[in-house]
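Reviewing the structure listed below.
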Amino acid sequence: MKLTSKAVYKLLRAAISPRLPAGFVAAPGNVADWQQESAAGVLAFWCQCDKWGWDVRWGSRFTLEFLFASDAGAAERLSGRRERIGELLEGFPELDELRQRNNAVIARLPGTLADACVVTVTDDGNEIILEGYRADPQPAIYAQDIWLHYYTADDVAAWGEYLAARLPRFLECFAQQTRSPAGLAHRRFDAALGRVQDCRDFPGRLVLLDDYLGSESDPYYRAIAARLRDEVFKVLNPG
């Protein structure tokens, strides 16, 4: 049975609204959107369904986004500090929980059962999915734009129950800007990358990347920086 976005939002509201921290109110209309106003500003979060809608083979999916705005007007314009759930949970166990729950849904999709996923392989051996979805076999540690899959109303209700139990922690992490070690490494990388981009000459960029690589211990962000360093080095030493 096809699930409309309206039906999905109704199911999510039914699961989440009764269990929110004090002060949160639901936005009017057929949406899954809540906010809490205080003297410091507006803390909001919402569920957003995939714009392509529900498919008979692959169902659909939604994501969760958080916002802190200076006032109600800024919140209405979506102006402020924003994060999706896959960035907020970087390095925390819940990010891999989402991956595992997603994999369980994907495994029973009609498209998966019919082996209908269409992929292509790039020259460097990486697979790109052209149609459908596949389970993600790799543990989720670092930030990703994760979307939560569903096919039936029961899938959505299960997601709603899962999120309702964990939203107080997620909201606190977002409000307090709490970061895991991987999340802190991400911030250091972003700061270093900003300095590199602000530098106008390539020798200076090389020095900045060497400085970052000399101080960073996280292997994931070190690997990204090392690739950038190789690109800069090739510009300075063509051929």
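The values are calculated or read from the model by the stated rules, or taken from the named source; none is laboratory data. This structure is a prediction, so every number in the text was calculated from the model and none was measured. Heads up, the Cβs are rebuilt from the backbone with ideal geometry, glycines too, and the neighbour counts pull from every protein chain shown. Areas reflect the complete protein model, heavy atoms only, side chains present, ligands, DNA and RNA absent. Shrake-Rupley method; radii C 1.70, N 1.55, O 1.52, S 1.80 Å.
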query = Counting only protein heavy atoms and using a 1.4 Å probe, what share of the accessible area of segment 152-195 belongs to carbon plus sulfur, as a whole percent?
reply = 54
note = Net charge (Lys, Arg +1; Asp, Glu -1) of residues whose beta-carbon lies under 9 Å from that of R229, R229 excluded, is -1
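Counting other C-beta atoms within 10 Å, and keeping those with at most 13, which DSSP coil chymotrypsin sites (Phe, Trp or Tyr not before Pro) do you find in segment 173-234?
Passing sites in segment 173-234 do not exist.
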message = Counting only other residues whose beta carbon sits under 12 Å from that of E65, what net charge do I get with K and R as +1, D and E as -1?
response = -1
query = Using the alpha carbon gyration tensor of segment 29-162, what are the three equivalent-ellipsoid semi-axes (square root of 5 times each eigenvalue), largest first, in whole Å?
reply = 31, 18, 14
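If you filter segment 1-74 for chymotrypsin sites (Phe, Trp or Tyr not before Pro), then keep DSSP loop positions with at most 16 other Cβ within 10 Å, what is left? Before the final figure, lay out each step's value.
Values: sites: Y9, F24, W34, F45, W46, W52, W54, W58, F62, F66, F68; in loops: F24, W52, W54, W58.
Those satisfying the criteria are W52.
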Distance from segment 1-25 to segment 191-239 (C-alpha centre basis), Å = 45
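Sort out the exposed loop trypsin sites (Lys or Arg not before Pro) in the chain (DSSP loop, at most 11 other Cβ within 10 Å) and tell me the longest stretch that has none. Present the calculation step by step, with values, prior to reporting the outcome.
Working: sites that count: K2, K51, R77, R200.
The longest uninterrupted stretch comes out as 78-199.
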query = In deg cm²/dmol, rounded to 500, what helix-only [θ] at 222 nm does the chain give when every DSSP H run of at least 4 residues adds -39500 (n - 2.57) and the total is split over its residues?
reply = -15000 deg cm²/dmol
task = Can you check how the C-alpha radius of gyration of the chain compares to 2.2 N^0.38 Å, as a plain ratio?
result = 1.18
ask   = Tell me, what ³J(HN,Hα) does each residue in segment 147-160 have, in order and in whole Hz, if you take phi through Karplus 6.51 cos²θ - 1.76 cosθ + 1.60 with θ = phi - 60° and put x for Gly and Pro?
value = 10, 9, 7, 8, 10, 10, 4, 5, 4, 5, 4, 5, 4, x
remark   = Residues meeting the amide H criterion for L148 (H placed from the backbone, H to H distance under 5 Å, 5 or more places apart or on another chain) are F62, T63
ask   = Based on the Kirkwood radius over alpha-carbon pairs, what is the Stokes-Einstein translational diffusion coefficient of segment 160-206 at 10 °C with 1.306 mPa s viscosity, in µm²/s?
value = 120
For the chain, size of Cβ-based charge dipole, Lys and Arg +1, Asp and Glu -1, in debye = 460
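Might you tell me the accessible area per residue for segment 135-239, computed with a 1.4 Å probe and given in Å²? Walk me through the numbers before you get to the answer.
Values: 5880 Å² over 105 residues.
Ligands and nucleic acids excluded, the result is 56 Å² per residue.
How large, in Å, is segment 98-219 by the Kirkwood hydrodynamic radius built from its alpha-carbon pairs?
On the way: mean 1/r = 0.0548 Å⁻¹.
This gives a value of 18.2 Å.
With a 1.4 Å probe and every protein chain kept in, tell me what percent of the accessible surface of segment 61-102 is carbon plus sulfur. Kindly include the intermediate steps, with their values, before the conclusion.
Values: 770 of 1760 Å².
Carbon-and-sulfur percentage of accessible area, whole number: 44.
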